[in-house]
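The values are calculated or read from the model by the stated rules, or taken from the named source; none is laboratory data. Here the structure is a predicted model, which means the values were calculated and not measured. All Cβ positions, even for glycine, are placed from backbone atoms using ideal geometry, and neighbour counts span all protein chains on display. SASA here: full protein model, heavy atoms, side chains in, ligands and nucleic acids out. Shrake-Rupley method; radii C 1.70, N 1.55, O 1.52, S 1.80 Å.
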Amino acid sequence: MNEKISIIIPVYNLEKYIKRTVESVLKQTYTNIEVIIVDDGSSDKSWKIIQEIAYGNRRIIPIHQKNG
């Protein structure tokens, strides 16, 4: 089984936890994944951290939207 798995991580004001969460996902033994991180208009530094994590990592897809 070599199918790509999409993992969606919703984020709202989680600057303390987002980096550790994404690192944990990326450390899994199954590596054919894409990690879609959806920031729902956070008012803290979550979006900045997401951008830093995604920079240079093609498996991470950052999405920023207004709070819904």
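Quick notes
- When the range 1-38 is filtered for residues that are assigned to a loop (DSSP other than H, G, I, E, B), out of contact with any Ser or Thr (no Cβ under 8 Å at 6 or more places or on another chain) and surrounded by 14 or more Cβ atoms within 10 Å (Cβ to Cβ), nothing remains.
- The range 39-61: number of residues that are closer than 15 Å to Asn13 by Cα, assigned to a strand (DSSP E or B) and open to solvent by 30 Å² or more (accessible area, probe 1.4 Å): 1
- The range 1-22: number of residues that are under 9 Å from the mean Cα position of the chain (by Cα) and either under 20 Å from Gly56 (Cβ atoms) or of a type in the set (D, E, K, R) (or both): 7
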